[in-house]
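Below is one structure, written out as structure tokens; the observations come after it.
Just so it is clear, none of the values below were taken in a lab; they were calculated from the coordinates. Treat the numbers as computed from the prediction; the structure is a model and nothing was measured. Don't worry about glycine lacking a Cβ; one is built from the backbone with ideal geometry, like all the others, and counts go over all protein chains shown.
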Amino acid sequence: VTRNARAFRVLVRNALFRRVELAALRRWDLLAELDAEDGWDYDAWADALAPYFQEYDSIGVGPDARGPALLMIEQGRERWTVRQSFDDPNGDHDWGISAEIDLVASDEVGAAVVRITDVGQL
């Protein structure tokens, strides 16, 4: 699945943006279903995003939020390091989700294997 880098980037973008959509809806339960194995359970997501929602009312999920400008990818041989910034109402883009994408594991399962490493402000 990682052989076609362009198609794999789409898979990674979709996986990260799904988490943005769930964060925008404050669906900590569904985020936990995706990431609890890596320590991101309901409470971890809620605690990480509480300061964001004290500062901003919402997380954008429109076309600008999904655009490539808010997703940074550093490509390595065995893993990619990614940062999906939030489209906040002020346009600051200083909050987001950081993750590592395991390329070997992704090839084994046929999908982007995402491990969240941080959720917060840069």
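Taking the 0 to 90 degree range and rounding to the nearest ten, how far is the long axis of helix 5-24 tilted relative to the main principal axis of the chain, both from C-alpha atoms?
With both axes taken from Cα atoms, the answer is about 20 degrees.
Rounded to the nearest 10 degrees, what's the angle between the helix 42-55 long axis and the longest principal axis of the chain, both from Cα atoms, 0 to 90?
Helix 42-55 sits at roughly 50 degrees to that axis.
Mind checking the dipole of the chain: about its Cα centre, +1 per Lys or Arg Cβ, -1 per Asp or Glu Cβ, Debye to the nearest 20?
Using only the charged Cβ atoms, the result is roughly 700 debye.
Take segment 1-80, drop everything but the C-alpha atoms, weight them equally and run the Debye formula without solvent; then report log10 I(q)/I(0) at 0.15, 0.17, 0.20 Å⁻¹ to two decimals.
One equal scatterer on each Cα of segment 1-80 leads to -0.64, -0.80, -1.02.
I need to check one value: relative contact order of the chain, counting alpha carbon pairs closer than 8 Å and at least 6 residues apart, in percent.
Contact order relative to length: 24 percent.
Just want to confirm a number: the relative contact order over segment 53-100, from Cα pairs under 8 angstrom separated by 6+ residues, in percent.
This gives 35 percent for segment 53-100.
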